[in-house]
Amino acid sequence: MIEMNASPTPAQLGYRMPAEWEPHAGTWFTWPRPEGISFPGKYETVPPVYAALIRELIEVEEVHINVWNAEKEAWVRGLLKEFGTPLERVHFHHFPAYEPWCRDHGPTFLVRDHEGRHERAVVDWGYNAWGNKYPPFDLDDAVPQHVAKLRGLPLFSPGIVMEGGALDVNGRGTLLTTESCLLNPNRNPDLSKDQIEQHLKDYLGVTHVLWLGDGIVGDDTDGHVDDLTRFVDSRTVVTVVEEDPADDNFKPLRENLERLQSMKDQDGDPLRVVELPMPRLIEHDGQRLPASYANFYIANGKVLVPTYRDPNDGKALEVLQRVFPDRRVIGIDSMELIWGLGSFHCISQQEPA
């Protein structure tokens with residue numbers, strides 16, 4: 001691992017964050033702990049969801065799992081075998097973390113083509129558990145450093161708080177995010193909107209930042225974009241809409257849709273906007289859960305989509321199959337996972353090839 005200072009920036013060195021549909025070397029997870037706080041009273045229902053995801057992924061790419069120690073590794077191996085998941089392409093790493101949200105505490109990978117070589121690097125954002133909501137989080141915050149050291153990659157540390165679920169890129173220079181998350185004073189209270197944009201440009205190699213408004217109700221991240229709007233190719237986004245005017249999500253999602261319809265990419269071309277339905281209201285113990293079909297994960301040759309035992313499951317899968325004509329769109333039940341307030345994109349992090 002080579003520690004890099006803020007100057008020169010990754011952008012100045014020719015690095016960029018690739019789009020999720022670009023080729024993967026693998027997918028990273030942080031395995032949830034029974035002792036963790038993410039799945040209170042329901043932990044035993046979560047490993048089968050991980051097993052189902054990993055079974056799909058190992059057909060197309062490697063899988064890497066952060067676990068607490070060797071004892072936990074043996075335990076997880078046994079669980080995966082119990083659920084019929086082959087382990088030949090699954091690799092375990094003793095990088096402990098308290099909670100499983102690898103999208104947010106894990107590494108953001110960069111790529112560049114330099115002097116005839118394809119090179120990678122890691123951005124190590126600061127992580128504070130979505131505004132100091134769930135301490136402690138020091139171990140989670142250290143995961144990108146461990147991965148960079150493992151891979152022998154340059155490590156860039158911007159010195160600001162940022163989460164992977166708050167960002168979505170098209171790989172060509174445009175980034176989508178939300179005001180409700182990035183401008184929340186519980187993240188970087190001393191930075192202006194322009195300063196935050198500059199950090200994104202400097203460290204992710206983007207040139208154009210698009211801002212949506214509020215996130216969906218029940219999202220404890222203060223509005224991550226990966227529950228709202230996702231790039232599916234360099235000019236096309238899918239965005240969730242709520243059809244029921246009485247639903248609390250109706251207004252903020254309509255406002256985001258209107259913003260998108262006037263947005264342009266880095267070349268000045270209008271975005272193509274495709275609407276994605278929302279599932280019905282899902283609650284647990286009186287708490288609204290942030291169920292969204294936008295929290296899908298794009299793997300090599302596949303798109304893994306959370307489903308919610310809902311009439312709109314099929315419609316969402318059809319929409320996504322149309323926008324991903326060259327990939328298999330696969331629905332996997334996420335009703336147990338969403339109790340942790342996140343789904344497939346939240347628990348995964350792609351490592352580009």
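Here are the numbers for this structure:
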{"item": "Residues of region 294-350 classified as closer than 18 Å to VAL217 by Cβ and of a type in the set (Lys, Arg), total", "result": "0"}
{"item": "Only listed residue being assigned to a helix (DSSP H, G or I) and farther than 24 Å from ASP269 by Cβ, chosen from LYS201, LYS149", "result": "LYS149"}
{"item": "Condition broken by TYR50, with the remaining ones in (1) under 19 Å from ASN300 (Cβ atoms); (2) surrounded by fewer than 20 Cβ atoms within 10 Å (Cβ to Cβ); (3) among the hydroxyl-bearing types (Ser, Thr, Tyr) satisfied", "result": "(2)"}
{"item": "Residues that are more than 13 Å from ALA52 (Cα to Cα) and surrounded by fewer than 18 Cβ atoms within 10 Å (Cβ to Cβ), drawn from region 321-353", "result": "GLN321, ARG322, PRO325, ASP326, ARG328, ALA353"}
{"item": "Listing of strands (runs of 3 or more DSSP E) fully contained in region 228-329 that carry 2 or more residues being in contact with a strand residue (DSSP E or B) (Cβ under 9 Å, 6 or more places away or on another chain) and farther than 17 Å from LEU176 by Cβ", "result": "302-307"}
{"item": "Selected residue (only one of ASN249, ASN256, ASN170 is more than 26 Å from PRO23 (Cα to Cα) and within 20 Å of the chain's Cα centre (by Cα))", "result": "ASN256"}
{"item": "Qualifying residue in region 148-160 (condition: in contact with a Phe, Trp or Tyr (Cβ under 9 Å, 6 or more places away or on another chain), buried (at least 18 other Cβ atoms within 10 Å of the Cβ) and β-branched (Val, Ile, Thr))", "result": "no"}
{"item": "Among the residues listed as TRP68, TRP31, TRP21, the single one being buried (at least 16 other Cβ atoms within 10 Å of the Cβ), under 20 Å from VAL143 (Cα atoms) and in contact (Cβ under 8 Å) with a residue 40 or more places away in the chain", "result": "TRP31"}
{"item": "Residues (out of contact with any strand residue (DSSP E or B) (no Cβ under 8 Å at 6 or more places or on another chain) and closer than 25 Å to HIS64 by Cβ) located in region 6-41", "result": "PRO32, ARG33, PRO34, GLU35, GLY36, ILE37, SER38, PHE39"}
{"item": "Out of LEU210, LEU175, sole residue that is part of a strand (DSSP E or B) and touching a His at 6+ places or on another chain (Cβ under 9 Å)", "result": "LEU175"}
{"item": "Verdict on ILE332 being within 16 Å of VAL46 (Cβ to Cβ), in a helix (DSSP H, G or I) and of a type in the set (A, V, I, L, M)", "result": "no"}
{"item": "Within region 201-230, considering residues that are over 15 Å from GLU242 (Cα atoms) and hydroxyl-bearing (Ser, Thr, Tyr), the one nearest to the chain's Cα centre (by Cα)", "result": "THR221"}
{"item": "Test: VAL49 is touching a helix residue (DSSP H, G or I) at 6+ places or on another chain (Cβ under 9 Å) and at pLDDT 95 or above", "result": "yes"}
{"item": "Pairs where the first residue, in region 334-353, is closer than 18 Å to ASN300 by Cβ and the second is acidic (Asp, Glu), C-beta under 7 Å, 6+ apart", "result": "HIS345/ASP226; GLN350/GLU20; PRO352/GLU22"}
{"item": "From the options ARG272, ARG309, residue that is over 28 Å from HIS91 (Cα atoms), out of contact with any Lys or Arg (no Cβ under 7 Å at 6 or more places or on another chain), modelled with pLDDT of 95 or more and not aliphatic (A, V, I, L, M)", "result": "ARG309"}
{"item": "Hits in region 81-107 (condition: surrounded by fewer than 21 Cβ atoms within 10 Å (Cβ to Cβ) and either in contact with a His (Cβ under 9 Å, 6 or more places away or on another chain) or of a type outside the set (D, E, K, R) (or both))", "result": "PHE83, GLY84, PRO86, LEU87, VAL90, HIS91, PHE92, HIS93, HIS94, PRO96"}
{"item": "Matching entry among GLY215, GLY223 (being in a loop (DSSP other than H, G, I, E, B) and on the phi > 0 side of the Ramachandran plot)", "result": "GLY223"}
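The values are calculated or read from the model by the stated rules, or taken from the named source; none is laboratory data. Just so you know, these numbers come straight off a predicted model, no measurement behind them. For neighbour counting, all protein chains shown are included, and Cβ atoms are generated from backbone atoms with ideal geometry for every residue, glycine included.
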